Amino acid sequence: MSNLELSGIDRAAIGANSAPSAQSGNSALAPTAANRKLGARGLQLLSWLAPMVLVIIWEWLAQAGWLSPQVLPAPSKVIRTAFKLATTGTLLNDLVVSLLRAAAGFAIGTAVGGGLGILVGFSRIAEGLIDRSVQMIRAVPFLAVLPLVIVWLGVGETQKIFLVALGVTFPIYINTVLGIRQVDPKLLELGRVQGLSSLQQIRRIILPGALPSILTGVRYALATAWLALVVAETIGAQSGIGFLAMDAREFLRTDVIVLTIVIYALIGVTADGIARFLERRLLAWHPNYGAAR
Amino acid sequence: MNAHVAPLSAALFETGPAVVVSNLVRRYGSRVVIEKLNLRIERGEFVALLGESGCGKTTLLRALAGLDPIQGGRIVAPRRPAVVFQEHRLLPWDSLWRNVSLGLQVPDARERAAEALTEVGLGDRLDDWPRNLSGGQAQRVALARALVQQPELLLLDEPFAALDALTRIRMHELVRELVANHQPGVLLVTHDVDEAIALADRILVMRNGAIAFEHRAARNGSTPISRSELLGELGVDSHSTH
Ligand SMILES: Nc1ncnc2c1ncn2[C@@H]1O[C@H](COP(=O)(O)OP(=O)(O)OP(=O)(O)O)[C@@H](O)[C@H]1O
Ligand SMILES: [Mg+2]
């Protein structure tokens, strides 16, 4: 129950810089008359209509000379730049560098947040020792510590990975603890009645019960990881998508800048898609995620 | 009744009761709920436990299940009892056969679960999710999960209370059949006097923390206990209600 509320909050938080939420996706639409007439596919096509029109208007304004290329280059120009950078420039290399940073930070943050979350979720003693400190650190917007991180770690790879990991740790931690605590005590009691060992209790009841909440944390963490990476790469990077953008700023190459923004957006959408795929696969049993059978 | 043929291993231990409770005391803080309660249930015997709300029926059942500590007396049972609760308590993330085999430590768990599910009429739903079941079907799975453990004592805490009248009657037939096949001792907690009369070999009424009334079901033509007599034991003046 509160799981749902939580994911609602998370979606609102993610919404600003990431993919459309599940509600606006293709599935859960009421069987209205329009729905029946168009079908799910028709509605999905319809939802792409407005963005397409916007891009066409944008292109037209740029072609007609109403938009200065210095302000906003035409979409066709951005696409041409993308091809050029991909074939002759360092675009692919920068993309890989950025993805590796995000992946490393995400892995570390997940391990730390998940590990602490499991400890605190299971043990009241661990909660007493750890939880207050984590909650206090969490109260600080993690980007506010950036100057300190730069003093500590400079502007190299470590700083970037650290920042991503920091952003990832808290959503994973909080949702892991919450998930474990939310497991229905009646099911734990059932486990005892059926004679499960502690290990079996964890494997068969506690972890599956906590999984929806943990995956919500993963989804949220993906968005934070991405935000952290953008900020970290904007400061003193020598490679990566953020570096590309900063470099382009020096030369007023708005086409490259727009391209990097689009790339960030695409990767955000992809990450969210992966998270949603995981939810559908791992939570097939869950009425809110799985496909109905 | 006695023509039942048990497997050899079970036959060796076929003697002795399913559970013996002597001088059981159970308190919550200073409130005594069960006071010097004695009870003995034989294997294959179906016992129904009645009593007004809050008299301690669930408390007794939980103590028998080993879910709560007891403050006095003894409970002797050969093996861990199986329990069916009022809610089905199926794990929503496990398929039906995984639910039924929960805690079963055998290599052929799936086959055993399949047999049990077939027994309750759901043999074709092995890989289905619990959320696709009706209330009565879910409770049948819970029964299968209890019986697959081959319990010597089966504890049922108002397992049919949430079902509609028709489903409940079907469930009565099913339970009677299953108990006849598996021959566990059964303690059925219920509010339904008719349910108790229909199913039980012996009807107990709990009052003031102990068994206050006991009735052995009529066999071979002797007159069965009347509904109004039982309702009287439960403190209900049946003439004014019916
Ligand atoms: N966890 C608890 N802490 C304190 N008192 C409790 C607790 N559980 C039950 N009791 C009390 O013990 C008494 C017996 O409760 P119990 O649940 O066994 O009744 P019951 O006979 O099963 O009632 P019902 O028919 O309504 O289910 C009640 O007075 C109840 O308030
Ligand atoms: Mg009760």
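The values are calculated or read from the model by the stated rules, or taken from the named source; none is laboratory data. Note that the coordinates shown come from a computational prediction; the quantities given were computed from them, not determined experimentally. Neighbour counts run over all protein chains shown; Cβ positions are idealised from the backbone, glycine included. The area values use the complete protein model at the heavy-atom level, side chains included, leaving out ligands, DNA and RNA. Shrake-Rupley method; radii C 1.70, N 1.55, O 1.52, S 1.80 Å.
Between A:SER213, A:SER239, which is touching a helix residue (DSSP H, G or I) at 6+ places or on another chain (Cβ under 6 Å), more than 24 Å from A:ALA74 (Cα to Cα) and assigned to a loop (DSSP other than H, G, I, E, B)?
Working: A:SER213 fails: assigned to a loop (DSSP other than H, G, I, E, B).
Every option except A:SER239 fails the conditions.
The rows are residues; the columns are (1) in contact with a Gly (Cβ under 8 Å, 6 or more places away or on another chain); (2) within 27 Å of A:ALA228 (Cα to Cα); (3) surrounded by 13 or more Cβ atoms within 10 Å (Cβ to Cβ).
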| site | (1), (2), (3) |
| --- | --- |
| A:VAL71 | no, yes, no |
| A:VAL78 | no, yes, yes |
| A:THR81 | no, yes, yes |
| A:LEU85 | no, yes, yes |
| A:THR88 | no, no, no |
| A:ASP94 | yes, yes, yes |
| A:SER98 | yes, yes, yes |
| A:ALA104 | no, yes, yes |
| A:ALA107 | no, yes, yes |
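For the range B:166-180, the candidate set comprises residues that are under 19 Å from B:LEU50 (Cα atoms) and more than 14 Å from the chain's Cα centre (by Cα); within that set, the residue that is farthest from ligand 2 (Cβ to nearest atom) is B:ILE169.
Residues that are part of a loop (DSSP other than H, G, I, E, B) and either away from chain A (no Cβ under 12 Å) or within 16 Å of ligand 1 (Cβ to nearest atom) (or both) within the range B:134-151 comprise B:SER134, B:GLN150, listed in sequence order.
Among all residues of the range A:93-114, there is none that is modelled with pLDDT under 90 and small (Gly, Ala, Ser). Annotation note: Cβ proximity below 9 Å between a residue of the range B:51-71 that is within 13 Å of chain A (Cβ to nearest Cβ) and within 7 Å of ligand 1 (Cβ to nearest atom) and a residue that is open to solvent by less than 60 Å² (accessible area, probe 1.4 Å) and not in a loop (DSSP other than H, G, I, E, B) (sequence gap 6+ or interchain) occurs for B:THR58/B:ASP157; B:THR58/B:VAL189.
If the condition is being open to solvent by 10 Å² or more (accessible area, probe 1.4 Å) and in contact (Cβ under 8 Å) with a residue 60 or more places away in the chain, then the range B:105-149 contributes B:GLU119, B:GLN149.
Among the residues of the range B:96-103, is there at least one that is over 20 Å from B:LEU178 (Cα atoms), open to solvent by 10 Å² or more (accessible area, probe 1.4 Å) and touching a residue at least 40 places away in the same chain (Cβ under 8 Å)? I'd like the intermediate steps shown before the answer.
Going residue by residue through the range B:96-103, those that are over 20 Å from B:LEU178 (Cα atoms) are B:98, B:103.
Then drop every residue that is not open to solvent by 10 Å² or more (accessible area, probe 1.4 Å), which leaves B:98, B:103.
Now restrict to residues that are touching a residue at least 40 places away in the same chain (Cβ under 8 Å): B:103.
Yes.
Only one of the numbered conditions (1) small (Gly, Ala, Ser); (2) farther than 30 Å from B:GLY209 by Cβ; (3) within 14 Å of another protein chain (Cβ to nearest Cβ); (4) in contact with a helix residue (DSSP H, G or I) (Cβ under 6 Å, 6 or more places away or on another chain) is not met by B:SER95, and that is (4).
Against the condition hydrophobic (A, V, I, L, M, F, W, C), touching an Asp or Glu at 6+ places or on another chain (Cβ under 7 Å) and either away from ligand 1 (no atom under 14 Å from the Cβ) or within 13 Å of chain A (Cβ to nearest Cβ) (or both), how does B:LEU39 come out, does it pass? No. The listed residues are B:ARG79, B:ARG98, and the only one of them that is of a type in the set (Lys, Arg) and modelled with pLDDT of 95 or more turns out to be B:ARG98. For A:ALA82, the conditions (1) part of a helix (DSSP H, G or I); (2) free of Cβ contacts under 8 Å to residues at least 60 places away in the same chain are fulfilled apart from (2).
Only one of these is open to solvent by 30 Å² or more (accessible area, probe 1.4 Å) and either facing chain A (nearest Cβ under 9 Å) or not in a loop (DSSP other than H, G, I, E, B) (or both): B:LEU154, B:LEU166. Name it.
The conditions single out B:LEU166.
Assess whether A:ALA284 counts as being farther than 16 Å from A:VAL71 by Cβ, surrounded by fewer than 19 Cβ atoms within 10 Å (Cβ to Cβ) and over 20 Å from the mean Cα position of the chain (by Cα). The answer is yes for A:ALA284.
A:GLY179 - would you say it is part of a helix (DSSP H, G or I), within 19 Å of A:GLY109 (Cα to Cα) and within 14 Å of chain B (Cβ to nearest Cβ)?
Details: part of a helix (DSSP H, G or I): yes; within 19 Å of A:GLY109 (Cα to Cα): yes; within 14 Å of chain B (Cβ to nearest Cβ): yes.
Answer is yes for this residue.
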